[in-house]
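Remarks on the structure that follows.
Derivation of every value follows stated rules applied to the coordinates shown; laboratory data play no part. As the structure is a computational prediction, the values presented were derived from the model and not from experiment. Please note: Cβ atoms are built from the backbone with ideal geometry, for glycine as well, and neighbour counts cover all protein chains shown.
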């Protein structure tokens, strides 16, 4: 089932001319930052401020522990703590050492997500989606095409994902996708078996997002609650997942990626060794306004901004740029706040720099 409650925010690297979360299938987009080397993060050795390699969702609970690593804790209704990589990569190897959050309907997700809406999912329910044995789901999408929601698989790992750390792996190439758990392959997808229509193969530069959200919140649509495993006990907070470490080995070491056309194909992406001279950076503070609401946004020393979000409602995945007035030198960005397509969803927009 195509559930979107966490992803996606783009890395808030400061490009005054960049259109972060610009969809390259809709028009010309500025280059996006890439990983130029292996990204290995041991969250047990980091402070709560993380590093320039990671971005923390604004106004969401986050901390680190010397024992358990990154702490993604839903402390109350409405919380959706998550983190994502500031850089993109096109194909590669990903290891996430994770202990998922318990709780009926509580979803933990590790997702690759691209600006063209390509997506690769590992999704876990705190009560195994209501199954009688430990269960999690794998899923994928290309260009956001959901078709009939028929491409997810249920995996029975043989252990409770909420009571211990395990290594979840994605091996992503131009020709195949493999999901593994503790070194054992649980699913392989071949590009050759994707039809290019309703079943499109993920192939564009993506960021890794990891987080927790409440699929079983009583306010969600019945279909979402049923998928997540049932209604969450709202008196049972906190519900917490832990990320001990992440290791990403990009197939190509690109300082930036640039789309050369609007096809959204892997072949349309060019690997750049440096940012083109026409792109500049900006770093200053300002505000984000929409209607009568104004929220402040401030930079951090690392050059990454925790953008303040503005929530609206409606039945579309994205807010149009025209809905938000981003001050000069700021960049409009979107977050798709994952609820079942067609339901009334919460959307968040960012002005970042």
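Using a 10 Å cut-off on Cβ atoms, rank the peptides 260-266, 134-140, 84-90 from the highest mean neighbour count down.
84-90, 134-140, 260-266
Which order do peptides 229-236, 193-200, 92-99 fall in by mean Cβ count within 10 Å, highest first?
In decreasing order of mean packing, 229-236, 193-200, 92-99 become 92-99, 229-236, 193-200.
Convex hull volume of the Cα atoms in the range 33-250, per residue, in Å³?
On the way: hull volume 25.8 nm³, N = 218.
Residue-normalised Cα hull volume stands at 118 Å³.
Can you compute the FRET efficiency between residue 252 and residue 77 using 1/(1 + (r/R0)^6), with r the Cβ-Cβ distance and R0 = 30 Å? Round to the nearest 0.05.
With R0 = 30 Å, the Cβ-Cβ based efficiency is 0.10.
Could you grab the relative contact order for the range 33-250? Cα pairs under 8 Å, six or more apart, rounded to a whole percent.
33
Which of the peptides 34-44, 214-224 is most tightly packed, and how do the rest follow, judged by the mean count of other Cβ atoms within 10 Å per residue?
Details: 34-44: 17.0, 214-224: 19.1.
Packing order, densest peptide first, comes out as 214-224, 34-44.
Multiply the residue gap between residue 235 and residue 155 by 0.36 nm, knock off their C-alpha separation, and tell me the result in nm, one decimal place.
On the way: separation 80, 0.36 × 80 = 28.80 nm, distance 2.94 nm.
Result: 25.9 nm gained on full extension.
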